Every structure is written in C-alpha cells, then in structure tokens.
Amino acid sequence: MAGRRGGTLRRLAPGERRVTTECWPADVELIRACRSGDDKAWEKLILRYQRLVYSVPVAYRLPPADADEIFQRVSVKLFENLDRLRRTESLAPWLVVTARRECQAFLREARRAAPLENGSAAGSAEDPADVVRDLHRIECAHSLALALERLGHPCRALLHALYMEDPAPPYEEIARRLGRPVGSLGPTRMRCLEKLRKLYFRLGGREP
C-alpha cells in the first residue's frame, strides 16, 4: 500500500505486534502524523491494530489467506478515511465494525459464488453466537492491551512483570528492577490495577 505522500509500506505479518513495556504515541498523535504524510506513523498505527483486525476474520473461522484479504480491505478503508475520522478514541470500535462488515460481505460473496444447496444461497443476517462471543473477547483483550501500553512507569513495568512474564519473577527481582522496597509492591500493584481499570474503560473497554 502506498504511503499518504508516496513511498511504500510493507505488509505486516499476523501476530507481529507484541506486548512491550515501551510507551507508544497515542492514536491522536499517530493519526495527526499520518494525515501529514508520515509513513512511519502509518506503519506504527497498523502495527498497533493489526492483531485486532486479524482477530475478526479469525473469529469468523476464515482461513489465513481470506483473513489476509480482510485485513487489506480494512487497511485500505482506514487509509481512505483518515481525514474523516472525528473521534480518534473510537478507532478500535470503528476498525472492529469495519472488519465485521468486510467479513460479512466476503461471506456473502462466497455464498453467491458457491453452487446452490437446498435451493437457496441465503444465509443468516446475524452473526452466530460463538462469533459474537469471540468478538467481544477480542475487543476486551485489545482494550486491555492498549490500556497497559499507556500506563506510566512504574505501573506498566510492574504489571507486565507480575502478569505477563512467564514465569513471573519473584518480588525481590521486581523490586530490584524498579528500585523500590519489596514491601511497597503490594500497595503499588493495587494502585496500578485501579489506574489500568480506569484507562481500560476510558479507551472503550467493556465488561468482560
């Protein structure tokens, strides 16, 4: 896909986005830079949301090649609508809705192209219950990941060590990394979890 003012952006592979303790720019900053023609900002934006977008066709049980097609369609629509996005904080829900619509359109196209069975090619207009459930789980997980990205130090490093490292390091090791006494980690963890909860809902997260 071409950049907004020329150049080429490489296609990012599924799963390339990884959890990191690095604090990334907020969406509003990336979108502003994309509108100014910054190809690197566009790549960062795609990197941030590619896992979310790919998860939608996976929830629809589409094979990898079709999921890649859906990802490309959604990326094109995002590229075309960057200048019309009014609420950057609603980007994740917009991407999910767009990906769902693309998946539904893709499945309709596939049904029309397939031989008629039982005298009808019509399918249900509603998503199956398992797809709805998976999409809800995906949106919650993505909102949580974004909230964790935006936590400041030491909360991001502390929660990452406690809940995302495998195996979790002992408290003594975490205290050494953070330069804090071991006894302070418990109260700090509680404060950080509360900050994370507030950020999660501020970013559009829903009750699990």
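Once divided by 2.2 N^0.38 Å, the Cα radius of gyration of the range 44-201 becomes 1.37. Of the residues Gly204, Leu193, Ala168, the one whose Cα sits farthest towards the positive end of the charge dipole of the range 151-208 is Gly204 (charges of +1 on Lys and Arg Cβ, -1 on Asp and Glu Cβ, taken about the Cα centre). Straight-line cross-link reach from Lys77 at under 20 Å between alpha-carbon atoms covers these aspartates and glutamates, not counting any fewer than eight positions away in the same chain: Asp27, Glu29, Asp38, Asp39, Glu43, Asp66, Asp68, Glu69, Glu89, Glu102, Glu109, Glu139.
Net charge near Val182: determine it from the other residues with C-beta under 15 Å of the C-beta of Val182, scoring Lys and Arg +1 and Asp and Glu -1. Net local charge, Val182 excluded: +2. Cα extents for the range 151-208 along the principal axes, largest to smallest and rounded to whole angstrom: 35, 22, 15. The packing ranking, built from the mean of other Cβ atoms within 10 Å per residue, places the peptides 195-202, 51-58 in the order 51-58, 195-202, highest first.
Of interest is the spacing of the C-alpha centroids, which for the range 175-208 and the range 33-109 amounts to 30 Å.
Here, each number is a calculation from the coordinates, and none is a lab measurement. Since we're looking at a predicted model, the values are computed, not measured. Neighbour counts are summed over all protein chains in view; Cβ atoms, including those assigned to glycine, are modelled from backbone coordinates with ideal geometry.
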